[in-house]
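The values are calculated or read from the model by the stated rules, or taken from the named source; none is laboratory data. Only a predicted model underlies this, so the values are computations on that prediction, with no experimental measurement involved. Surface accessibility is based on the protein's heavy atoms, side chains included, excluding ligands, DNA and RNA. Shrake-Rupley method; radii C 1.70, N 1.55, O 1.52, S 1.80 Å.
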Amino acid sequence: MSEVALTEEVVDRGARLQGDVILRLSNLESSYGPVQAIRGVSLEVRAGSIVTVLGANGAGKTTVLKTISGIIDPQKGGVWFDGEEIQRRDPDWVVRRGISHVPEGREVFPLLSVRENLMMGAFTRRDGDGVTRDLERMYGYFPILAERRSQEAGQLSGGQQQMLAIARALMSRPKLLLLDEPSLGLSPKLVKEIFDIVRRVNREEGTTMLLVEQNASVALATADFGYVLEVGRIVMEDRCDRLLEKEDIKEFYLGMKGDSVRGERRWKRKKQWR
């Protein structure tokens with residue numbers, strides 16, 4: 001990226017982080033039976049921005065999204081969306097309120113065609129002309145879906161199914177898009193292609209996004225602000241350009257081991273947020 005383009009990107013990110021808070025989690029705690037998955041999670045997402053939550057497998061990232069979208073009821077804490085408290089609401093109510101969730105593992109309807117899957121994303125809408133225009137808009141963002149519109153979704157490749165899951169979620173015209181591990185199981189080429197489209201949708205449509213990812217390098221390159229989740233707790237937060245410079249992020253999430261004293265054992269290195 002050129003110096004001018006990099007400067008423009010930093011300015012754009014700064015502007016996006018000045019928007020009003022559209023989503024706020026406060027001291028959120030959720031469990032699976034006796035197992036507590038997230039503990040006192042608090043975060044904010046500003047309108048028009050992309051926010052990422054980083055963490056290893058089992059850190060609680062998916063639980064955060066499921067609690068927002070109403071799949072899991074929290075034991076404590078609150079979720080506010082667009083100024084309204086929404087925790088413990090049914091998922092269909094949350095969708096109608098303006099939140100769409102792209103689940104981990106894609107979860108397309110395998111026996112329905114690509115077009116039918118996309119139309120399922122618009123089931124809450126009553127503006128037929130608008131739905132038709134948005135269908136064509138999705139085909140513009142994801143040309144491969146236009147080519148395979150009559151094909152059963154179960155016959156698509158993993159990358160194509162991920163594109164379909166994102167496009168289906170966008171068909172509801174959400175104010176907030178929740179993305180759960182969109183890079184999971186995909187080749188680097190497909191990951192780049194999908195995240196390029198994610199950034200394009202954010203720029204062109206102004207769609208606010210909350211992204212959870214294990215792939216820290218692509219998440220930090222895509223998002224404006226980031227949180228680090230470990231064992232159900234937020235342990236670090238900052239603008240993504242600053243997180244990229246932090247030694248703990250470089251070593252434990254980007255695999256960039258810094259210079260060390262000769263003879264120092266790798267496992268003695270301590271995370272600074274501990």
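Odds and ends about this structure:
- Secondary-structure-derived ellipticity at 222 nm for the chain, considering helices only, amounts to -11000 deg cm²/dmol, per-run term -39500 (n - 2.57) for DSSP H runs with n ≥ 4.
- Listed residues Asn57, Asn117, Asn215, most fluctuating in the chain (Gaussian network, C-alpha, under 10 Å): Asn57
- For segment 98-221, the Kirkwood radius over C-alpha pairs fed into Stokes-Einstein at 10 °C and 1.306 mPa s yields D = 110 µm² per second.
- For Lys76, a cut-off of 18 angstrom between C-alpha atoms picks up these aspartates and glutamates, skipping any fewer than 8 places away in its own chain: Glu29, Glu44, Glu84, Glu85, Asp90.
- Between helix 128-141 and the chain: long-axis angle, C-alpha atoms, 0 to 90°, nearest 10: 50 degrees
- Extension gain from Lys76 to Arg125, taking 0.36 nm per residue of separation minus the Cα-Cα distance: 14.4 nm
- Overall Cα dimensions of segment 52-131, principal axis frame, Å, largest first: 40, 31, 20
- Per residue, the Cα convex hull of the chain amounts to 150 Å³.
- Both radii come from the Cα set of segment 127-182: Rg as radius of gyration, Rh as Kirkwood radius; their ratio Rg/Rh reads 0.97.
- Relative contact order for the chain, counting Cα pairs under 8 Å that sit 6 or more residues apart, in percent: 24 percent
- Cα centroid separation - segment 88-105 against segment 133-196, whole Å: 18 Å
- Within the accessible area of the chain, the carbon and sulfur atoms contribute 48%, probe 1.4 Å, all protein chains present.
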